[in-house]
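The values are calculated or read from the model by the stated rules, or taken from the named source; none is laboratory data. A quick note: this is a predicted structure, and the numbers were derived from the prediction, not measured. Cβ atoms come from the backbone with ideal geometry, glycine included; neighbour counts cover every protein chain shown. Accessible surface areas use protein heavy atoms only, side chains included; no ligands, DNA or RNA. Shrake-Rupley method; radii C 1.70, N 1.55, O 1.52, S 1.80 Å.
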Amino acid sequence: MNRHHDPNPFDEEEVVNPFSNGAAGPRSKPHISPLGSETRGFGQKHDATVDIPLDTLNVDSKSKEKELASWEADLKRREKEIKQREDAVAKAGVPNDNRNWPPFFPIIHHDIANEIPVHAQRLQYLAFASWLGIVLCLVFNVIAVTACWIKGGGVKIFFLATIYALLGCPLSYVLWYRPLYRAMRTDSALNFSWFFLFYLLHIGFCIFAAIAPPIVFHGMSLTGILAAIDLFSGHALIGIFYLVGFGLFCLESLLSLWVLQKIYMYFRGSK
């Protein structure tokens, strides 16, 4: 057998220096670095850094600013539309009946200084005084009739006086004062006609109450002159109450006639 190529068992093996720079001889074994020999852990020499681009943050902030700006623009657009609708309603003459009078307990809408033309405000104040006058007359009528009922006049006259007050105060406002208020504000001929019709009925009632003819329960449910004369014979104090009521109804009748004349002249002049 040929043994020329058998390795000599007495030859020294070539020692490979593991700390060498990799310059090995032809028979040197390749140097393979183990996996994970270089650690990339947190806080080590070769830590990996994570870069967050500032462009992304800028884009997000800009998009949020654009959304906020569009939301504000939409809100302003809606406010403008609401304002335009309110102006259109005001120009169309549709009343904005928010209650603001009397200030301590608002039950009606009343703003002559801001809603009635300057040249018509004096007439409107006179008409308002006329409405307050009929309210005063009806309230005092209840007081005087109540005193008469206590002195033996009967409970029916008290109920009638209460009905006059409960119906007369709101109906006078709805039937003739509010139409006049709208007529003065919008110069509406229809509202003026409505006012004239029911204001004449109002004047007729005031004259009837000032007389108090003995038609319903001898006229004792109204503080007129005839009822006052009848009461003076037996109950002088109650007669004085009725006499004061008679004076109030007379003043209300005269004021109402004057207001009617002034408003009619205003209506004829504005046509």
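Annotation: ILE215 carries an accessible surface of approximately 120 Å², with a 1.4 Å probe and no ligand, DNA or RNA atoms counted. If you wrap region 187-271 in the convex hull of its Cα atoms and look at it from every side, the mean projected area works out to 5.9 nm². Taking amide H positions as modeled 1.01 Å from N, with prolines and chain starts lacking one, the residues under 5 Å from TRP101 and 5 or more places away or on another chain are ILE107, ILE108, HIS110.
Each principal axis of the Cα cloud of region 104-248 was evaluated for its coordinate range; sorted largest first, these ranges are 53, 32, 22 Å. Counting only protein heavy atoms and using a 1.4 Å probe, the accessible area of LYS80 comes to about 130 Å². Taking Lys and Arg as +1 and Asp and Glu as -1, the other residues whose beta-carbon sits under 15 Å from that of LYS66 total -3. Note on VAL135: accessible area is roughly 40 Å² with a 1.4 Å probe, heavy atoms of protein only. Would you mind counting up the charge near GLY224? Only other residues with Cβ under 15 Å from its Cβ, with Lys and Arg at +1 and Asp and Glu at -1. Here the count lands on -2.
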